[in-house]
Amino acid sequence: ETKGFPKDFLWGSASAAYQVEGGWDADGKGVTNWDKFVRIPGKTFKATTGDKAVDHYHRFKEDVKLMADMGLKTYRFSIAWARIYPNGNGEINEAGLSFYDDLINELIKYGIEPMVTVYHWDMPQALEEEYHGWENRRIVDDYVNYATTLFKRYGDRVKYWITMNEQNIFTSFGWLKGMHPPGKENDMKTFYQVNHHANMAHAGAVLALKELYPDAKVGASFAYSPCYAFDRKPENAMAKADYDDLQNYWWMDIYAYGRYPRSAWAYLETMGVTPDIQDGDMETLRKAAALVNFMGVNYYQTCVAEYNPIDGVGMSNAMNTTGKKGTAQVQGVPGLYKNPANDFLPTTDWDWTIDPMGLRMCCRDITSRYDLPIVISENGLGAFDKVEDGQVHDPYRIAYLKAHIEELKKACDDGCQVLAYCTWSYTDLLSWLNGYQKRYGFVYVDREEDENYGTLNRIPKDSYYWYQKVIETNGEE
Ligand code: BGP
């Protein structure tokens, strides 16, 4: 007999402010780094903006009603820093605060647990102009001040908080690959410094929250791609070990233990790219780590590590952002590893491997390394969807999610404490680099790439009705 999902399991779905809200200059909101970045030609698919996105800012009541009808237990969303502090610091914008009051109250009205991400990549542009954002230590205080404003305002109603979304992605894409703001490439030294600042910001927020609301549940969400060694050749097993230390444990060890993995640190020393750490920082990181309640995991895929000679491939921006299968290119760190495709696994149209068992493995790994509860804060399939006679049939999405949920159930049976499962995403939304054609939602949104937007009408897909049953049966469907 298997135990399966706990009784109070939080079946959820997720989004992020820039990707759904729109209303980019509504009611006093400040301009963000992403409002700027998407306008640089060639950076994102057709340079589609989130100006209007799917207009969740004006349609949240309709969206929440659909969640309620579905029986959703938790909704993960992020707050736009620039709605609260249009300049990142200084003056507060009451209209921004009250928008999220309304959203939170609407969720609570239907018994949906709000799960709030403090930072999902949209940084007030004013901070970029004032001091280069994450590159400057000053951002730690500004971030903690912003986060504390949220905790004070919503902490009576919001129990689940996620400090950072995918710090590993926004920093590597922003300072190594040039694909997120500020668009820098191969700047390893700044990359590690930025990460130290983000770690201090996360830690400061955890400490501030626990001071105000000791019973709140807090963690960071990490984009975890578990890694397989290419084969049994020892040098490829070593490549996997290097990958894990530098790409996975580098972040998760900070969140869970407040320390940097020693072997990764040694590598940074040889490369001359260690971050500046101030007196007391490591103690702050350890204190925060001791208070963290869960590891947030965004799980999409696994990867493969193969030894990469010193003159081998590096990081590049040659990603598949068009949905033309087979256009992604192999990336790597010369002298350590590269990440070739896995011939044993199918891929999505955007060349992401589909590997449900990887979800069970990542839960097991987190459980044995950190012994922390787990929140799956994202998991889902990006696909081209079509409306036929007013309906959207997405059996591929159902198959994808079903297979992942089955593996997650096994992880529960393995002894992992999984608290929540949030699919990415609730409605269709803007995919940062891939426009609106890469769809993830349970709810289809009639949204065109161009600035005529489409009607923005909502249509529940087949997967919406399927997930309704999953929730009803606590994962037995
Ligand atoms: C994660 C982000 C999400 C979301 C998702 C899908 O990295 O946290 O915001 O976008 O990936 O990725 P994409 O839109 O690139 O397909």
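Remarks
- When the stretch 384-401 is filtered for residues that are in contact (Cβ under 8 Å) with a residue 40 or more places away in the chain, assigned to a helix (DSSP H, G or I) and out of contact with any helix residue (DSSP H, G or I) (no Cβ under 6 Å at 6 or more places or on another chain), the ones remaining, listed by number, are PRO395, TYR400, LEU401.
- Residues of the stretch 217-241 that are open to solvent by 40 Å² or more (accessible area, probe 1.4 Å), in contact with a strand residue (DSSP E or B) (Cβ under 6 Å, 6 or more places away or on another chain) and in contact (Cβ under 8 Å) with a residue 40 or more places away in the chain: LYS217, TYR228, PHE230, GLU235, LYS240.
- Residue that is most open to solvent (accessible area, probe 1.4 Å) [pool: residues in the stretch 96-111 that are of a type in the set (A, V, I, L, M) and farther than 20 Å from ASP142 by Cβ]: ILE108
- When MET361 is tested against the conditions (1) in contact with a Pro (Cβ under 6 Å, 6 or more places away or on another chain); (2) closer than 30 Å to ALA290 by Cβ; (3) open to solvent by less than 50 Å² (accessible area, probe 1.4 Å), the lone failure is (3).
- Residues in the stretch 166-177 that are open to solvent by less than 10 Å² (accessible area, probe 1.4 Å) and either more than 18 Å from the chain's Cα centre (by Cα) or more than 22 Å from PRO41 (Cβ to Cβ) (or both): GLN167, THR171.
- Strands (runs of 3 or more DSSP E) (entirely within the stretch 61-166) containing at least 2 residues that are within 22 Å of ASP25 (Cα to Cα): 74-78, 113-119
- Output for the stretch 332-352, where each listed residue is in contact (Cβ under 8 Å) with a residue 40 or more places away in the chain, open to solvent by less than 50 Å² (accessible area, probe 1.4 Å) and part of a loop (DSSP other than H, G, I, E, B): LEU336, ASN339, PRO340, ASN342, LEU345, TRP350
- If you filter the stretch 10-37 down to residues that are in a loop (DSSP other than H, G, I, E, B) and in contact with a strand residue (DSSP E or B) (Cβ under 7 Å, 6 or more places away or on another chain), you find that the one that is surrounded by the fewest Cβ atoms within 10 Å (Cβ to Cβ) is GLY30.
- Residue match in the stretch 39-55 (condition: over 23 Å from TRP134 (Cβ atoms), within 16 Å of the ligand (Cβ to nearest atom), modelled with pLDDT under 95 and buried (at least 19 other Cβ atoms within 10 Å of the Cβ)): yes
- Number of positions in the stretch 275-317 that are within 27 Å of ALA237 (Cβ to Cβ) and under 25 Å from the mean Cα position of the chain (by Cα): 13
- Pair list, Cβ < 7 Å and 6+ apart or interchain, from the stretch 454-477 residues that are open to solvent by 50 Å² or more (accessible area, probe 1.4 Å) to residues that are part of a loop (DSSP other than H, G, I, E, B): THR455/ASP446; ASN457/ASP446; ASP462/HIS393; ASP462/ASP394; LYS469/GLU477; GLU472/GLY71
- The set of residues in the stretch 39-62 being in contact with a Lys or Arg (Cβ under 7 Å, 6 or more places away or on another chain) and over 16 Å from TYR18 (Cα atoms) consists of GLU62 alone.
- Candidate set from the stretch 294-310 (those that are in contact with a Lys or Arg (Cβ under 6 Å, 6 or more places away or on another chain) and either open to solvent by less than 10 Å² (accessible area, probe 1.4 Å) or of a type in the set (A, V, I, L, M) (or both)); member that is farthest from ASP253 (Cα to Cα): ASN308
- Residue identified as free of Cβ contacts under 8 Å to residues at least 12 places away in the same chain and closer than 22 Å to LEU176 by Cβ among TYR249, TYR255, TYR260: TYR260
The values are calculated or read from the model by the stated rules, or taken from the named source; none is laboratory data. The structure presented is a predicted model; accordingly, all values stated were derived computationally and were not measured. Here the Cβ is made from the backbone with ideal geometry for all residues, glycine too, and neighbour counts use every protein chain on show. Calculation scope for accessible area: heavy atoms of the full protein, side chains included, ligands and nucleic acids excluded. Shrake-Rupley method; radii C 1.70, N 1.55, O 1.52, S 1.80 Å.
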